[in-house]
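**Student:** First, the structure itself, so that you have it in front of you.
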Amino acid sequence: MSQYYESMRRAKTGRDIVGHLLVMDRQGGPVWYAKWRDGTGAQVKRRLGPAWLERRPEAEAGDHGTGVDAWRQAWRPRRGRRPAGQLDDKTAAQAMGDAIAAHQVDVEEAAARAATAHVSQLTLATVAAEYLAHAEATRALRLSTFSDYSYCLRARILPAPELSAKPMVDITPRDVRAWRDRLLKEGTGPRTTNKLRQLLANVYRYASRADTYAMEVNPVLAVEKVREPRPGRLNYFTPDEVEALLSATREGRHRTPPSHPVGDAEKAWRRLEDRQDAALFTTAAFAGLRKGELLALRWRDVDHAGDRLGVWRSYTSGAEGPTKSEEPRSVPMASQVADTLKDLLKHRRRRFTKPD
């Protein structure tokens, strides 16, 4: 008949795992056992060896005792020198720590093998979808960048035969180079090619994280970027050219001619829209704002007293968000901009004239 006793011992494995020592009656005498739950939550039981113990005279059979070292209430060390192969409480606790450590190595190696088997079947499409979902959930990318990356993955990377025909771990630098060179041969510009290459590298970088798939090799890093041509000379509009553009806009000559007869009411609305377009182009030309920043301007951002424009936000991909630099700024408001906006607010606009 076996007896069950326990002694609390902390394993020296770097993990917070607590083992319990058990003393069980066997035909040849008492035997130490260890019992614990491993890192996966599974219960483990191991035989440690013969116990150099004897039952206390006052202990009754089946007496388990209470408390942390309950076994001491029913068992005591034998007298005399401990023979080799027999374990007292200290050597049993050490053996339990070794057993737990060895078991944890087996558990972790099994988990690594399972993860490797899983990773070996991963496709680029699966990881790319996870990468985008993670970026969207954590807002790691601007909305416009997220939309651009989604399109590039869907249209330019995932359908590539060099990348889609095999699991992700089997894609080699040679495959990546063949894909990159094909893009260039088909007419994709160096700048776009480098952007696509970097996006592919980002997906592999996501897969290499310890909290995803711990993929060890990123084949994109072995394939260099292509040389991009130096930017050419920038062609700025002169003030006269800007005024010619604004004049054409005020007259509606920037529009596609209507394909149907236009009544007086529609003509009036078109004239208002033309003046608004001219105000937009004036602000773009003389304040240097990006399109999204122009679309996000509010009247409260216009400081006529200080001759400044506050640039606090940008409207891109159908939503309002921070500016491209994610830093608000203030820009000088030239007289052309100030006069145009005053005219638009006081004489041209009928609605949308409040600060917000």
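The values are calculated or read from the model by the stated rules, or taken from the named source; none is laboratory data. Bear in mind the structure is a predicted one, so any value in this text is a computation, not a measurement. Every residue, glycine as well, gets a Cβ built from its backbone with ideal geometry; the counts of neighbours run over all protein chains shown. To get the accessible areas, we keep the full protein, side chains included, count just its heavy atoms, and leave off ligands, DNA and RNA. Shrake-Rupley method; radii C 1.70, N 1.55, O 1.52, S 1.80 Å.
**Student:** Taking the stretch 195-321 as the region of interest, what is the percent of Cα-Cα pairs per 10 angstrom bin, listed from the shortest bin to the one with the maximum distance?
**Tutor:** Whole-percent P(r) values from 0 Å outward: 10, 21, 23, 19, 15, 10, 2.
**Student:** What relative contact order, as a whole-number percentage, does the stretch 82-181 give when Cα pairs under 8 Å and 6 or more residues apart are counted?
**Tutor:** Value for the stretch 82-181: 29 percent.
**Student:** If each of residue 295 and residue 81 carries a label point 7 Å out from its Cα toward its Cβ, how far apart are those two points in nm?
**Tutor:** So the two model labels end up 9.1 nm from each other.
**Student:** Something else about it: So which helices of the chain fit the span-like rule, where a helix is a whole DSSP H run, its Cα atoms reach 27 Å or more along the axis, and its mean Kyte-Doolittle is at least -0.5?
**Tutor:** 89-119
**Student:** Between residue 59 and residue 106, take the C-beta separation as r, use R0 = 45 Å, and let me know the FRET efficiency to the nearest 0.05.
**Tutor:** 0.75
**Student:** Over the alpha carbons of the stretch 86-239, what is the largest minus smallest coordinate on each principal axis, giving the biggest first in Å?
**Tutor:** 96, 38, 25
**Student:** Next question. List, in the order given, every pair from 291/354; 267/354; 195/342; 166/225; 291/342; 267/291 whose Cα-Cα distance in the structure shown is over 31 Å.
**Tutor:** Cα-Cα > 31 Å for 195/342; rest within.
**Student:** If you rank 281, 352 by how much accessible surface each has, with a 1.4 Å probe, what is the order from largest down?
**Tutor:** 352, 281
**Student:** Another question, then. Ignoring ligands, DNA and RNA, how do 234, 297, 53 rank by accessible area with a 1.4 Å probe, largest first?
**Tutor:** 234, 297, 53
**Student:** Can you compute the radius of gyration and Dmax for the stretch 250-322, using only the Cα atoms, both in Å?
**Tutor:** According to the Cα coordinates of the stretch 250-322, Rg and Dmax are 15.2, 46 Å.
**Student:** Now for a different question. Could you quote the convex hull projected area for the stretch 206-263, Cα atoms only and averaged over all directions, in nm²?
**Tutor:** 11.4 nm²
**Student:** Pairs of alpha-carbon atoms within less than 8 angstrom and 6+ residues apart define the contacts here; what relative contact order does the chain have, in percent?
**Tutor:** For the chain, the relative contact order is 9 percent.
**Student:** Using a Gaussian network model of the chain whose springs link C-alpha atoms within less than 10 Å, name the residue from 296, 59, 287 with the highest mean-square fluctuation.
**Tutor:** Answer for the Gaussian network model of the chain: 59.
**Student:** What whole-number distance in Å separates the alpha-carbon centres of the stretch 128-205 and the stretch 255-299?
**Tutor:** 38 Å
**Student:** Still on this structure, I have one more. Taking every Cα atom in the stretch 144-184, find the radius of gyration and the maximum pairwise distance Dmax, and write them in Å.
**Tutor:** 11.1, 32
**Student:** If the chain between residue 192 and residue 91 were fully stretched, how many nm would it gain, using 0.36 nm times the residue separation less the Cα-Cα distance?
**Tutor:** Residue separation times 0.36 nm, minus the Cα-Cα distance, leaves 29.7 nm.
**Student:** Evaluate the distance, in nm, between pseudo-label points positioned 7 Å from the Cα of residue 140 and of residue 37 along their respective Cα→Cβ axes.
**Tutor:** 3.3 nm
**Student:** Please find the FRET efficiency linking residue 346 to residue 303, where r is the Cβ-Cβ separation and R0 is fixed at 22 Å, and quote it to the nearest 0.05.
**Tutor:** FRET efficiency, residue 346 to residue 303: 0.85.
**Student:** Leaving out ligands and nucleic acids, and using a 1.4 Å probe, what accessible area per residue does the chain come to in Å²?
**Tutor:** For the chain, the per-residue accessible area is 62 Å².
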